[in-house]
Amino acid sequence: MTVTVAPEGVPLARVERALEEIRAAIGAGHVHTGEAAQEFRDPFWPRKWDEYESSAVVQPDGVEEIQAVLRIVNEHRIPVWTVSTGRNNGLGGGSPRVKGSIVMNLRRMDRILEINDDLAYAVVEPGVTWNQLAAALREGGHRLMVSTTDLGWGSVIGNSLEHGTTYLPYGADFMAPCGMEVVLADGEVLRTGMGAMPNSKAWHTYKRGLGPTLDPLFMQSNFGVVVRMGVWLMPYPEVYAPLWANFARETDLIQLMDTLRSLRLDRTIEGVPNLYNTIELACLRGTRTRWYDGDGPTPDRIIDQIAGDLGIGRWVLHAGLWDDRKVAEHKIEKITAALTRIEGATVHFDQYAPEDIPGIPNPGDRVLGGEPNLEFMDILGWYGKAESGAHAGTGMVAPLDGKSAYELHMLLRTAIETKMGLDYLAYPLLINSRSYIHVFGCIFDAADEAGSRRAYQACRMLIEEAAAAGYGEYRSHIDNMDLTQGTYSFGDHAYLRFVERIKDAVDPNGILAPGKQGIWPASYRADRG
């Protein structure tokens, strides 16, 4: 099929020639153009908006085919945007930052290369999904659990490279990844950490090596293509105990965050606990018209009614314990006593054997037990438009103290509700013992252009307002990458100038994901978005 879009300054004919060469290198059936490429765009970005259209999607399988693609795009000076499975919906999905780029989608590289029972790790390729790894552990009789995200169709590597959160103890502060193999822009293959030593026996067991540690350089960056990665796993505990707790008042967030900080610091609660505000959890339980069908944001009196109907509060805590039974019983007693010091709080624990986790009725409890699913997608039906429901938003990093948490929460809620007229969804994630990520969002109908525009405008506005208050975004939609990077401006953007010097050194032609996280190669820099 004829290519209809190309990067600015690149003739369509040159893109066509490059794609013909790629077809010869990886097979014509693995090169998609026109409508066939639309499967890979972000479905939450309205179809008629073409700012981030690709010229084609190519799907190499293996290092040699990736090297072939990189050689060809270097020769033709065509940017390539790499994704693992390309399901980062709501943040860009499989769409490229530069219009007309070739998207290199790595779904075909879906092999689990190793599962080490003794040392509790796996080695995976970028097409391996959370569902696939969890199933392999379960079906292979490995008494190991993977710290997973909510949506099981995403890539283990892709999520990790984008700082995506997971919930088990190895999800805290992104502990799970260890040791990468990377194809650089010129096709050279590099191994990080102990993997730099041939035949290393400790590649996926020790996170550093000799000299600077490189793994973080390939996270949220455009310095190389990660083609394999080690993932630390957790041995089965004696008991898994998910926790649900309800808090009646919005201001309870202050005391709750201070209490959770104490329980995290002394390691009573491990992993990554999360909170829901009432609207976030209601999106998983029904549609908005069940309670309210008016214009503008759902009023406070209706939010209180929703909380009463669902038997929840203005905040709901979800966390887990993975321990020996006696240890879990001690922690349950301690956590219950601490949380019920907050007036009106209710606390509930269940207990399961690890073997029983796949059959747990509550999908959220299965996720915290290492069994992902797709149930979280139900939030998209809030306005009764499940087929075109979409969400926008991201997360701000804040210290784990009640005063900061409430300040950031009210800043976000006020802006989304009063300035944009949208319902505000909050999903704070306690990523470690000292900080948390205030994930927020709004639901909209991707078929409604005006509503979609309003939602994305809200996110852009909040990036600037939160930065002015001292809170930075931890990952960004492709439409906001330059705006977000601009908020990290200490020393006249010293960080950005440093990483762009690295970009120019490792990718002199500027073909790997130009503009990712606001990092541009020299050839694009004058036209920075």
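The values are calculated or read from the model by the stated rules, or taken from the named source; none is laboratory data. All values reported here derive from a predicted model rather than from experimental measurement. Counting neighbours? That spans all protein chains shown, and the Cβs are built from the backbone with ideal geometry, glycine included.
Scan region 234-261 for residues that are touching a His at 6+ places or on another chain (Cβ under 8 Å) and either crowded, with 22+ Cβ neighbours inside 10 Å or among the aliphatic types (A, V, I, L, M) (or both) and jot them down.
Pro242, Leu243, Ala245, Leu253
Here is a check on your reading of the model: is Val31 touching a residue at least 12 places away in the same chain (Cβ under 8 Å) and either in contact with a Ser or Thr (Cβ under 6 Å, 6 or more places away or on another chain) or under 20 Å from His477 (Cβ atoms) (or both)? Quick ask: steps written out before the conclusion?
Numbers: touching a residue at least 12 places away in the same chain (Cβ under 8 Å): yes; either in contact with a Ser or Thr (Cβ under 6 Å, 6 or more places away or on another chain) or under 20 Å from His477 (Cβ atoms) (or both): no.
Criteria not met by Val31.
Taking the conditions exactly as written (outside any loop (DSSP other than H, G, I, E, B), of a type outside the set (D, E, K, R) and without any contact (Cβ under 8 Å) to a residue 24 or more places away in the chain), does Met194 satisfy them or not?
Here the answer is yes, as Met194 does meet what is asked.
Taking region 443-457 only, how many residues are under 14 Å from Lys419 (Cα atoms) and of a type in the set (Phe, Trp, Tyr)?
Residues meeting the conditions: 1.
Using beta carbons and a limit of 9 Å, which pairs, at least six apart or on different chains, have the first residue in region 401-416 and within 17 Å of Thr298 (Cβ to Cβ) and the second one of a type in the set (D, E, K, R) and crowded, with 18+ Cβ neighbours inside 10 Å?
His409/Glu250; Met410/Glu250; Arg413/Glu250; Ile416/Asp423
In region 436-454, is there at least one residue being hydroxyl-bearing (Ser, Thr, Tyr), surrounded by 15 or more Cβ atoms within 10 Å (Cβ to Cβ), under 17 Å from the mean Cα position of the chain (by Cα) and outside the structural domain of His163 (by TED's automatic domain parsing)? Even if it seems obvious, please write down each step before you answer.
The first filter runs over region 436-454 and keeps only residues hydroxyl-bearing (Ser, Thr, Tyr), leaving 436, 452.
Filter once more, so that each one left must be surrounded by 15 or more Cβ atoms within 10 Å (Cβ to Cβ): 436, 452.
Filter once more, so that each one left must be under 17 Å from the mean Cα position of the chain (by Cα): 436.
Filter once more, so that each one left must be outside the structural domain of His163 (by TED's automatic domain parsing): 436.
Yes, region 436-454 has at least one match.
Here are Arg460, Arg413, Arg454: which of them is basic (Lys, Arg) and under 24 Å from Gln255 (Cα atoms)?
On the way: Arg460 fails: under 24 Å from Gln255 (Cα atoms); Arg454 fails: under 24 Å from Gln255 (Cα atoms).
Arg413 is the lone residue from the list that is basic (Lys, Arg) and under 24 Å from Gln255 (Cα atoms).
Grab the strands (runs of 3 or more DSSP E) fully contained in region 217-334, keeping just those with 3 or more residues being under 26 Å from Tyr436 (Cα atoms) and either assigned by TED's automatic domain parsing to the domain that holds Asp61 or aromatic (Phe, Trp, Tyr) (or both). It would help to see each step written out before you state the result.
Details: elements: 225-232, 239-247, 274-277, 315-323.
Fully inside region 217-334 and qualifying: 239-247.
For region 437-463, give me each residue that is out of contact with any helix residue (DSSP H, G or I) (no Cβ under 7 Å at 6 or more places or on another chain) and under 22 Å from Ser221 (Cα atoms).
First pass over region 437-463, keeping only residues out of contact with any helix residue (DSSP H, G or I) (no Cβ under 7 Å at 6 or more places or on another chain): 437, 439, 441, 447-455, 457.
The answer is Ile437, Val439.
Filter region 186-228 for residues that are buried (at least 17 other Cβ atoms within 10 Å of the Cβ) and of a type in the set (S, T, N, Q); which is farthest from Ala513 (Cα to Cα)?
Filtering region 186-228 for residues that are buried (at least 17 other Cβ atoms within 10 Å of the Cβ) and of a type in the set (S, T, N, Q), the one farthest from Ala513 (Cα to Cα) comes out as Thr205.
Quick check on my filter: what residues within region 289-307 are at pLDDT 95 or above and of a type in the set (Asp, Glu)?
If the condition is that a residue be at pLDDT 95 or above and of a type in the set (Asp, Glu), then Asp300, Asp304 are the ones that fit.
Can you pull out every residue in region 335-368 that is under 24 Å from Ile254 (Cβ atoms), free of Cβ contacts under 8 Å to residues at least 12 places away in the same chain and not in a helix (DSSP H, G or I)?
Thr340
Can you tell me which of Tyr206, Tyr170 is touching a residue at least 60 places away in the same chain (Cβ under 8 Å) and within 25 Å of Ser433 (Cα to Cα)?
Numbers: Tyr206 fails: touching a residue at least 60 places away in the same chain (Cβ under 8 Å).
On inspection, the qualifying residue turns out to be Tyr170.
Going by the structure shown, is Val57 at pLDDT 95 or above, within 19 Å of Gly93 (Cβ to Cβ) and not in a loop (DSSP other than H, G, I, E, B)? Step through it out loud before you land on a result.
Numbers: at pLDDT 95 or above: yes; within 19 Å of Gly93 (Cβ to Cβ): yes; not in a loop (DSSP other than H, G, I, E, B): yes.
It is true that Val57 is at pLDDT 95 or above, within 19 Å of Gly93 (Cβ to Cβ) and not in a loop (DSSP other than H, G, I, E, B).
Within region 486-528, how many residues turn out to be of a type in the set (A, V, I, L, M, F, W, C), outside any helix (DSSP H, G or I) and surrounded by 19 or more Cβ atoms within 10 Å (Cβ to Cβ)? Please lay out each step first, then the result.
Initial filter on region 486-528 (of a type in the set (A, V, I, L, M, F, W, C)): 490, 494, 496, 498-499, 502, 505-506, 511-513, 519-520, 522, 526.
Cutting the leftovers down to outside any helix (DSSP H, G or I) gives us 511-513, 519-520, 526.
Now drop any that are not surrounded by 19 or more Cβ atoms within 10 Å (Cβ to Cβ), which leaves 511-513, 519-520.
Selection size over region 486-528: 5.
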